[in-house]
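K.L.:
Starting off with a structure, shown below.
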Amino acid sequence: MFITKNSLDRRSILRGIGAALALPLLDAMTPAFAATGAAIPRLGFMYIPNGVNLAQWTPASTAPGFAFSSTLSALEPFRDRVTVLSGLAHHAADRLNDGAGDHSRAAGAFLSGCHAKRTQGADLYLGITADQIAAKTLGKDNLLPSLELKLDDSDIAPLCDEGYTCAYMNTFSWSSATTPLPMENNPRLVFQRLFGEGENLKERVIQTREDRSILDAVTGSMKRLQSTLGAADRRKMDQYFDSIREVELRLQRIEAHNTEGASQGGVRPLGIPEKFEDHINLMFDLQVLAFQADITRVTTLMMGREEGGRSYPQIGVPDGHHSISHHDNDAGKLAKLAKIDAYHVQQLAIFLGKLRATPDGEGNLLDNSTILYGGGISNGNMHNHERLPVVVAGGGAGQLKGGRHLEYKQDVPMSNVLRSILDKAGIHTDTLGDATGMLAEL
């Protein structure tokens, strides 16, 4: 989409050797951009694995001004932009005649509402997911229609459900019933997808490992552009470039650390931080930059892989997540699971804060985003696929209101919520599975 009325093109790009930087929304663009009317909606989908401690997750009341549960308490500062959803189900993830495989079906059904075909071969079959339905419309004019991210490394001793290909747990984004989309866990490679340019990704990575900023490649065009902008736009550009450079510096420090570790026998990929917090914050910042520059409007992030055994000693849980989720109602294990749940929600709150702190049009990115956060299993001990843990955050470009705890009494299919999210973003679909006439309106 190109809109021009004697103003800066919304899709202007600064190019240099190895660099292609899309610009954030500037006042210089708005005379032409105003012709489109509304704010730009963004959609983000975040997945948590292995179920939660529902007793600590679910708020006790649905009344206005309800108290957030202990697990969700980190979302209090965003109350006006948060809706907690209780009682949703994905029966497409149920066992039916397939027996074991609840983790594969949970991840598969989360954004598709479809039942994953039991197979360990190449004849896998699921369904298109909500993020990719959005990407075909909302992201069709973007440099990247969508961006798929993860934190775990699926190549390291992957655990998979008996009878199911690992593909069902390695991603929760599918562009068609037979096409699972790979998710990237290396922040450096993500950075290059957003801002690099070259013959191939490997070459672009090499170009930016020479102790120089990708911004150096566009210095001339950047200065020429800034000379034509007003004071407010220059401040926006400075903030945007500062954010890009700050991410670059963090990546360089991580790569230096990992290179030193490799010389001592370590095997960590260069761009991947050692600490979970550093890793997820880089992924958050990359999503914010991608939204800010309108490189993409649709993102997915798998915070953890089903059956993932990540431990969290930094919060006093040295046990593996998956093993803790099989708690057998043991009070000690349930307490540890609640710690993990609350810690994950704290990360969500950090992301929401980054979105809220980033101007976008007349508001901020949180105002114009819809962030769906949740998982395909409720009770990990029982592998239940009803009463799913789900939170929707953001203003939805004026289409969402927060401050609510909605409790559905009729086992409403979660696919109806997915349809509602897409509808509010201006996307209409009948292709999501596992839906009935019971509407889950947001």
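K.L.:
Expected output is a single nm value to one decimal: the length gained when fully extending between Asp242 and Leu143, i.e. 0.36 nm times separation in residues minus the C-alpha distance. What is it?
P.N.:
Value of the extension gain: 33.5 nm.
K.L.:
Another question, if that's okay. Just read off the accessible area of Lys339 with the full protein assembly in place, 1.4 Å probe, to the nearest 10 Å².
P.N.:
100
K.L.:
What residues have an amide H closer than 5 Å to that of Leu147, excluding those fewer than 5 places away on the same chain, when H is modeled at 1.01 Å from N in the peptide plane?
P.N.:
For Leu147, whose amide H was placed from the backbone, the distant partners under 5 Å are Val298, Thr299, Thr300.
K.L.:
Please compute the modelled spin-label separation between Asn364 and Phe66, points set 7 Å along Cα→Cβ, answer in nm with one decimal.
P.N.:
Label at Phe66, label at Asn364, 2.5 nm between them.
K.L.:
Can you give the local net charge around Ser70? Use residues other than it whose beta-carbon is closer than 15 angstrom to its beta-carbon, Lys and Arg +1, Asp and Glu -1.
P.N.:
Neighbour charge sum, excluding Ser70 itself: 0.
K.L.:
Tell me, what HN-Hα J-couplings in whole Hz come from the Karplus equation 6.51 cos²θ - 1.76 cosθ + 1.60 at θ = phi - 60° for each residue of the stretch 342-358, using x for Gly and Pro?
P.N.:
With coefficients 6.51, -1.76 and 1.60, one gets 5, 5, 4, 5, 4, 5, 4, 4, 4, 5, 4, x, 5, 5, 5, 7, 9 Hz.
K.L.:
Could you compute how much accessible surface Ser12 exposes when probed at 1.4 Å, giving the result in Å² to the nearest 10?
P.N.:
20
K.L.:
Separate question: Given 0.36 nm per residue, what is the gain on full extension from Glu162 to Ile350 after removing their alpha carbon distance, in nm?
P.N.:
64.1 nm
K.L.:
To the nearest 20 debye, what is the magnitude of the charge dipole of the chain about its Cα centre, counting +1 on the Cβ of each Lys and Arg and -1 on the Cβ of each Asp and Glu?
P.N.:
Dipole magnitude for the chain comes out near 1000 debye.
K.L.:
While we're here: For the residue pair Asp80 and Lys136, what label-to-label distance in nm results when each label sits 7 Å from Cα along the Cα-to-beta-carbon direction?
P.N.:
Each label point is offset 7 Å from its Cα along the Cβ direction, giving 3.7 nm.
K.L.:
Going by a ≥ b ≥ c, the root eigenvalues of the Cα gyration tensor, does the stretch 301-442 fall in the rounded group (a/c under 1.5), the prolate group (a/b larger than b/c) or the oblate group?
P.N.:
oblate
K.L.:
If you don't mind, there's one more thing I want to ask. What GluC sites (Glu not before Pro) in the stretch 229-320 are in a loop by DSSP, with at most 12 other Cβ atoms within 10 Å of the Cβ?
P.N.:
In loop regions of the stretch 229-320 (DSSP not H, G, I, E or B), the sparsely surrounded GluC sites (Glu not before Pro) are Glu274.
K.L.:
Quick one: compute a quarter of the convex hull surface over the Cα atoms of the chain and quote it in nm².
P.N.:
21.6
K.L.:
Same structure again: For the pair Asn329 and Leu229, what calculated FRET efficiency results from E = 1/(1 + (r/R0)^6), where r is the Cβ-Cβ distance and R0 = 51 Å, to the nearest 0.05?
P.N.:
For R0 = 51 Å, the calculated efficiency reads 0.25.
K.L.:
Okay, next question. Expressed as a rounded percentage, what relative contact order does the stretch 5-153 have, with Cα pairs under 8 Å and six or more residues apart?
P.N.:
RCO, the stretch 5-153: 11 percent.
K.L.:
Next question. Roughly how tilted is helix 231-263, in degrees to the nearest 10 and between 0 and 90, from the longest Cα axis of the chain?
P.N.:
Its long axis makes an angle of about 60 degrees.
K.L.:
A follow-up question, please. Under the 0.36 nm per residue contour assumption, what length would be gained going from the current alpha-carbon distance of Ser12 and Thr119 to full extension?
P.N.:
Full extension of this stretch gives 33.9 nm more.
K.L.:
Now for a different question. Quick one: grab the alpha carbon gyration tensor of the stretch 96-199, order the square roots of its eigenvalues as a ≥ b ≥ c, and give me rounded if a/c is under 1.5, else prolate or oblate depending on whether a/b is larger than b/c.
P.N.:
oblate
K.L.:
Here is a follow-up. For the stretch 232-385, just say rounded, prolate or oblate: build the C-alpha gyration tensor, square-root its eigenvalues into a ≥ b ≥ c, call rounded for a/c under 1.5, and beyond that prolate if a/b exceeds b/c, oblate if not.
P.N.:
oblate
K.L.:
Scan around Met46 for amide H atoms under 5 Å from its own, H built in the peptide plane at 1.01 Å from N, and keep only partners 5 or more places away or cross-chain.
P.N.:
Under 5 Å from the amide H of Met46 lie the amide H atoms of Leu301, Leu372, Tyr373, Gly374, each far enough along the sequence or on another chain.
K.L.:
Share of the stretch 351-431's accessible area from carbon and sulfur, percent, 1.4 Å?
P.N.:
Answer for the stretch 351-431 is 42 percent, counting heavy atoms of protein chains only.
K.L.:
Which is the longest part of the chain that has none of the chymotrypsin sites (Phe, Trp or Tyr not before Pro) sitting in a DSSP loop with at most 15 other Cβ atoms within 10 Å?
P.N.:
The segment 126-442 is the longest one with no such site.
K.L.:
With every protein chain kept in place and ligands, DNA and RNA left out, what is the accessible area per residue of the stretch 271-358? Probe 1.4 Å, answer in Å².
P.N.:
Heavy-atom SASA per residue in the stretch 271-358 reads 31 Å².
The values are calculated or read from the model by the stated rules, or taken from the named source; none is laboratory data. Computed from a predicted structure; not experimentally measured. Cβ sites come from the backbone with ideal geometry, for glycine too, and all protein chains shown count toward neighbours. When the accessible area is computed, the model is the full protein with side chains, heavy atoms only, and any ligands, DNA or RNA have been set aside. Shrake-Rupley method; radii C 1.70, N 1.55, O 1.52, S 1.80 Å.
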